[in-house]
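Remarks on the structure that follows.
Values quoted throughout were computed directly from the atomic coordinates according to the rules given, and no laboratory measurement underlies them. Quick caveat, the model's predicted, so the values are computed rather than measured. Cβ coordinates were reconstructed from backbone atoms using ideal geometry, including for glycine residues, and neighbour counts include every protein chain displayed.
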């Protein structure tokens, strides 16, 4: 799944990621990217022939980096499921607070799913399937260690937690209050604690 890009293509993809985070698929154009990266639209087309190619690459990179981040989180925090879910929620709280990523790009794109190219929608769906599987595995381990009390299957609880995290991003944006995300995320965590 690894996406190999030139340094200039990485720069373009990173700016596209920022634009996706704020406005979604239809919220930016190659003209917007050209202004940010200070290159002509033709040069962007050289790296990414179409907007669909660009956004698919950005989502694939996001998915890959997210999976790597979750693996690193588990490696760093060891055998502590509660610490892992807390660190995941706190990562997003920090991104929202410092403005580096107020919304997960896959959440933005999921909202646009009926109107985006199918290959992008599929990659977004895969991102959420990966995330659900990771959260479910953490919840199962936490339940086995008596850290979590699950009211439903680990998969169902993972979907609820994931939905709460992404809904919390939307709430923080709607209210213009980054701290509301942290409150929502920590409430979701406390609901799981045995």
**Asked** Using bins 10 angstrom wide from zero, how does P(r) for region 95-194 break down, in % of all Cα pairs?
**Response** 15, 39, 35, 11, 0
**Message:** Can you compute the modelled spin-label distance between residue 186 and residue 45, with each label point 7 Å from Cα toward Cβ, in nm?
**Reply:** 5.1
**Request:** Just check region 1-51 against the gyration tensor rule for me: Cα atoms, a ≥ b ≥ c as the square roots of the eigenvalues, rounded for a/c under 1.5, and otherwise prolate or oblate depending on whether a/b exceeds b/c.
**Result:** oblate
**Message:** I'd like the distance separating the alpha-carbon centroids of region 40-70 and region 79-139, in whole Å.
**Reply:** 17
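Tell me the relative contact order for region 60-192 as a rounded percent, counting alpha carbon contacts under 8 Å between residues six or more apart.
Dividing the mean separation by the residue count of region 60-192 yields 29 percent.
Could you give the C-alpha radius of gyration of the chain expressed as a fraction of 2.2 N^0.38 Å, taking N as the number of residues it contains?
1.08
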**Fill in**
Listed with the fewest Cβ neighbours within 10 Å leading, 166, 46, 190 appear as 190, 46, 166
**Prompt:** Arranged by the count of other C-beta atoms within 10 angstrom, fewest first, what order do 41, 182 take?
**Reply:** 41, 182
**Request:** Give me the angle, in degrees from 0 to 90, between the Cα long axis of helix 81-98 and the longest principal axis of the Cα atoms of the chain, rounded to the nearest 10.
**Result:** 40
**Item:** Sorted by Cβ neighbour density within 10 Å, fewest at the top, the residues 177, 98
**Value:** 98, 177
